[in-house]
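Engineer: First, the structure itself, so that you have it in front of you.
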Amino acid sequence: MQREARSGLKSSAFADCMTENDKIITRLIEEEMKTAYIDYSMSVIVSRALPDVRDGLKPVHRRVLYGMSELGLASNRPYKKSARIVGEVLGKFHPHGDSAVYDTMVRMAQDWSLRYPLVDGQGNFGSQDGDNPAAMRYTEARLRRVAEEMLEDLEKDTVDFRNNFDDSLTEPSVLPAKIPNLLVNGASGIAVGMATNMPPHNLGEVVEAIVAYIDDRSIEVDGLMQHIKGPDFPTGGIIQGVEGIQQAFATGRGRVVIRARAEIIGDQHSEQIIIHDVPYQVNKATTIEKIGQLVDEKKLEGIEDVRDESTKDVRIVIDLKRDANAKVVLNKLYQLTPLQTSFSINNVALVNGRPHTLNLKDMIRHYVDHRHEVVVRRTRYELAEARKRAHILEGLLIALDHLDEVINLIRNSRTADEARDGLMTRFGLSEIQAKAILDLRLQRLTGLERENIQNQYREIMARIEYLESILNDEVLRMSIIKQELLEVRDKYGDPRRTEITYAEGEIRMEDIIANEDMVITITNQGYIKRTKASEYQAQGRGGTGARGVGRKDTDFVEHLFTAHAHNVLLFFTEHGRCYWLRVYEVPEGDRTHRGRAIQNLIQIEREDSVKAFVTLEGFDDEDFVSKHSIIMATRRGLVKKTPLEDYSRPRASGIIAININTGDELIEARLTNGDSEIVLAASSGYAVRFHEDKVRDMGRTATGVRGITLQDEQDAVIGMVVVAHENQNLLVVSEKGYGKQSPISEYRLTNRGGKGVKTINISPKTGKLVAIKQFEGKEDEGLMIATRWGMTIRMRAADISLLGRNTQGVRLIKLREGDGIASVAYIMEQEADENTADLTDIVAPNGQAHDPAENADETFM
């Protein structure tokens, strides 16, 4: 006991002594282990396992590319031994095992591992069969052009540099990354307590999505998915289902099922299944072995032979037995072998040194922010260099202006320092300018060289002005980012390799809804519905019409037009905003049903209302989109034209279509093809016709230019027509139901902005002009007119008289006292269903039968 006490006392005294000398710090072992583990885990997360959101690279990848760049291994330079590259990276930047560096470089050279390989390898770099690459002493490598884009502008202070492991050199903390590498090549890694598994995507699609984000920062993931359809794996394959893609894009986590692409060839007596690719990260040789094993174990029947006929492209041939069902065998292959596998998406990357799970918009936003910083820092560097050069040129110009005096001063100086000081004192030059003058060669004193220096100075000053404008204008900086991305897309973009199909249970609405003709009706108070066009039956001109929409209080039909069920509707509001909706998304109702409030379908502001519509098949046809524009007209006579592509990226809250001045409102929006003519008509009965090239393309936020000069303050534009050819007729309808057709040739082609010519003779009997439409001379053309009291009438174009411009027209519809025309729609006549009743006698509002012939033709001159 005494020995133990003495021992304990001695230990205690020793501990106190050591603590006083700061050699031992007493800590709880739990706290020490916790701190040490956190430090270790953060080291793994930041320095090894997770990519940076800005360039999509882990430190080892970044160091390999930078090390190759420092060795001068450009894409147009000779290859160097891989061992030389590995040694460079190990000795200068990455003091770990050589296998880690070499394996990293090998993977960046494999076109089945990266969608856009960054290293150009020469020699055996492995295979999709799982073969190991040759030793580093046998292989050679250099950078690919796409990797050079990642490194471009590195020397222009675009990114921060940090010390290497022994503080003897510096290395970039991130690359400028002109390529959105994180999205296009993906990443995978296992850290401590977390992991990342990011799929690759198609470069062209990614660039288009980034451009869409730059154009509209509030765009949502659904809008971005209009451009990025899903992962695009280097090995191709087919993604089964879109639900996993949507989930991954929206949340950063999801799961997609990938199938090999296969085809069945031959006849029923001798069939083969040809596998053209295997899923991403699946070993081809192991897959063939698995098929053979299943055949041997009798788990997979109907297969006669399996062989690998792959060369550069994958080709696995499976011979089937005579009595085998090829589709059944193929489904079994998908079920039992790696020919169908899943890819779990986990978008974890470092943001400011911290791991974050990112959705699609997050990744794009961080990349754009990085590129913006790169552009700003690059511009500042180039501006500083340009100013230095301008400073020297200014000194040279001063010397040339006082050439004899400068020569005498230099000749009479005993030393170079004396000459330099003399120049600085005599001409007020800086030391740099004086030194440049002393370094000036005699041949630069010729007249031609003097002119060359002056030209250089003018060019450098223009360059300085441009660089300063970049730093002062964020819009210009963003346009530079867009332009550089589009150049990258044009250089390296390629078609999508991975096909995306709908899985069982994922049925698009287009697949179950017939693409029928629909009549879209919108009331003055903002209620909308769709009704099958077959419910409206043709009537003779002059009829009273059948009741079309149930009227409540003072509500009335304001817009009525036709579209196919699968069409895209672009809604344009009087405040100048644009919204998207599919026709089949509009609630269906019969003719007497008022419909549903538009605010419940699109996020339109309470004080705003829909004024114009454009129907499209969609935005998938790039050629169609690139050749068409949207032209808009306002109540006060302004017109504006914007490329259709600017409206291809919808978002729930709408986008700006046109800037509306105070006291004005949008009244029409139409589609043009680049060679269209525009007719604007005013309530005063005048119209102007001009070619669309008189209106230049403008951005969505522009206001527009003068289209027509109105007669007075009470006058206003009531409609716009886009003319396709000279054989068309213009239809005009007045407030009290009078109308006519007139040949478009009677309206002379003028410049925009004029007062126009008379299109209808306005009188108290006709009322003001309320609508202008066009007919193309087709037999099945028709017209649907709706009144403010909810009456509708449908008539054929052939029943409407063709008269001159300066006439009042004929009565098209008999109106009750106090009623008036609300809207006029151009439609294509549909053949009546066999079971539809003959509506010769049309029920009038008072319930009595009405004879359409009651109204005789009346022509007023």
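The values are calculated or read from the model by the stated rules, or taken from the named source; none is laboratory data. These numbers were taken from a predicted model, which means no experiment stands behind them. We place every Cβ from the backbone using ideal geometry, glycine too, and count neighbours over all the protein chains shown. The protein model used for the area step is the full one, side chains on, heavy atoms only, and it has no ligands, DNA or RNA in it. Shrake-Rupley method; radii C 1.70, N 1.55, O 1.52, S 1.80 Å.
Engineer: Starting from region 163-177, take each residue that is free of Cβ contacts under 8 Å to residues at least 12 places away in the same chain and list its partners that are aromatic (Phe, Trp, Tyr), counting only C-beta distances under 7 angstrom and pairs at least six apart or across chains.
Structural biologist: Thr170/Phe161
Engineer: Taking the condition of being free of Cβ contacts under 8 Å to residues at least 60 places away in the same chain and not charged (D, E, K, R), how many residues in region 653-667 meet it?
Structural biologist: Summing the residues that are free of Cβ contacts under 8 Å to residues at least 60 places away in the same chain and not charged (D, E, K, R) in region 653-667 gives 3.
Engineer: Another question, if that's okay. Based on what the data block shows, is Val757 out of contact with any strand residue (DSSP E or B) (no Cβ under 6 Å at 6 or more places or on another chain), open to solvent by less than 40 Å² (accessible area, probe 1.4 Å) and in contact (Cβ under 8 Å) with a residue 60 or more places away in the chain?
Structural biologist: Against the criterion (out of contact with any strand residue (DSSP E or B) (no Cβ under 6 Å at 6 or more places or on another chain), open to solvent by less than 40 Å² (accessible area, probe 1.4 Å) and in contact (Cβ under 8 Å) with a residue 60 or more places away in the chain), Val757 qualifies.
Engineer: Moving on to the next point. What number goes with the only condition from (1) touching a Phe, Trp or Tyr at 6+ places or on another chain (Cβ under 8 Å); (2) open to solvent by 60 Å² or more (accessible area, probe 1.4 Å); (3) within 28 Å of Glu205 (Cα to Cα) that Asp111 does not pass?
Structural biologist: Just one mismatch for Asp111, condition (1).
Engineer: Of all residues in region 416-434 being within 10 Å of Ile392 (Cα to Cα) and in a loop (DSSP other than H, G, I, E, B), which is least open to solvent (accessible area, probe 1.4 Å)?
Structural biologist: Leu429
Engineer: Here is a further query. Being assigned to a loop (DSSP other than H, G, I, E, B) and either over 30 Å from Ala209 (Cβ atoms) or touching a helix residue (DSSP H, G or I) at 6+ places or on another chain (Cβ under 9 Å) (or both): is that true of Glu726 here?
Structural biologist: Yes.
Engineer: A follow-up question, please. Consider only pairs whose beta carbons are under 6 Å apart and that are at least six residues apart or on different chains; among these, list those whose first residue lies in region 699-714 and is closer than 24 Å to Asp216 by Cβ and whose second residue is open to solvent by 40 Å² or more (accessible area, probe 1.4 Å) and assigned to a loop (DSSP other than H, G, I, E, B).
Structural biologist: Short answer, once both residue conditions are applied: Thr701/Asn659; Thr703/Asn659.
Engineer: Further question on the same structure: One residue is enough: does region 694-717 have a residue meeting the conditions open to solvent by less than 30 Å² (accessible area, probe 1.4 Å), under 17 Å from Gly820 (Cα atoms), of a type outside the set (Val, Ile, Thr) and not in a strand (DSSP E or B)?
Structural biologist: No: zero hits.
Engineer: Moving on. From Val64, Val101, Val86, grab the single residue that is in contact with a Leu (Cβ under 7 Å, 6 or more places away or on another chain) and β-branched (Val, Ile, Thr).
Structural biologist: It is Val101.
Engineer: If I go through region 729-754 residue by residue, how many of them are part of a loop (DSSP other than H, G, I, E, B) and either within 39 Å of the chain's Cα centre (by Cα) or free of Cβ contacts under 8 Å to residues at least 12 places away in the same chain (or both)?
Structural biologist: The total comes to 5.
Engineer: Hand me the list of helices (runs of 4 or more DSSP H) wholly inside region 27-131 holding 2 or more residues that are free of Cβ contacts under 8 Å to residues at least 24 places away in the same chain, farther than 30 Å from Asp313 by Cβ and hydroxyl-bearing (Ser, Thr, Tyr).
Structural biologist: Per the criteria, 29-44.
Engineer: Conditions: (1) assigned to a loop (DSSP other than H, G, I, E, B); (2) modelled with pLDDT of 90 or more; (3) under 22 Å from Ser745 (Cβ atoms). Ile658 meets all but one. Number of the miss?
Structural biologist: (3)
Engineer: Would you check if there is a residue in region 849-858 being part of a loop (DSSP other than H, G, I, E, B), farther than 24 Å from Thr759 by Cβ, more than 47 Å from the chain's Cα centre (by Cα) and at pLDDT below 50?
Structural biologist: Yes: region 849-858 contains one or more residues that are part of a loop (DSSP other than H, G, I, E, B), farther than 24 Å from Thr759 by Cβ, more than 47 Å from the chain's Cα centre (by Cα) and at pLDDT below 50.
Engineer: Considering only region 666-683, state which residues are out of contact with any Asp or Glu (no Cβ under 7 Å at 6 or more places or on another chain), closer than 21 Å to Asn729 by Cβ, surrounded by 21 or more Cβ atoms within 10 Å (Cβ to Cβ) and aliphatic (A, V, I, L, M).
Structural biologist: Selection gives Val679, Leu680, Ala681.
Engineer: Restricting to helices (runs of 4 or more DSSP H) lying wholly in region 157-269: which have 1 or more residues that are in contact with a strand residue (DSSP E or B) (Cβ under 7 Å, 6 or more places away or on another chain), farther than 30 Å from Arg700 by Cβ and not aliphatic (A, V, I, L, M)?
Structural biologist: Result: 243-251.
Engineer: Could you tell me which of the residues Ser82, Ser168 is over 30 Å from Ser344 (Cβ atoms) and at pLDDT below 95?
Structural biologist: Ser168
Engineer: Search region 311-331 for residues being without any contact (Cβ under 8 Å) to a residue 40 or more places away in the chain and within 18 Å of Gly236 (Cα to Cα), and hand back the single one that is most open to solvent (accessible area, probe 1.4 Å).
Structural biologist: Filtering region 311-331 for residues that are without any contact (Cβ under 8 Å) to a residue 40 or more places away in the chain and within 18 Å of Gly236 (Cα to Cα), the one most open to solvent (accessible area, probe 1.4 Å) comes out as Lys312.
Engineer: Can you tell me which of Leu294, Leu396 is in a helix (DSSP H, G or I), within 30 Å of Leu429 (Cβ to Cβ) and open to solvent by less than 40 Å² (accessible area, probe 1.4 Å)?
Structural biologist: Exactly one of Leu294, Leu396 is in a helix (DSSP H, G or I), within 30 Å of Leu429 (Cβ to Cβ) and open to solvent by less than 40 Å² (accessible area, probe 1.4 Å), namely Leu396.
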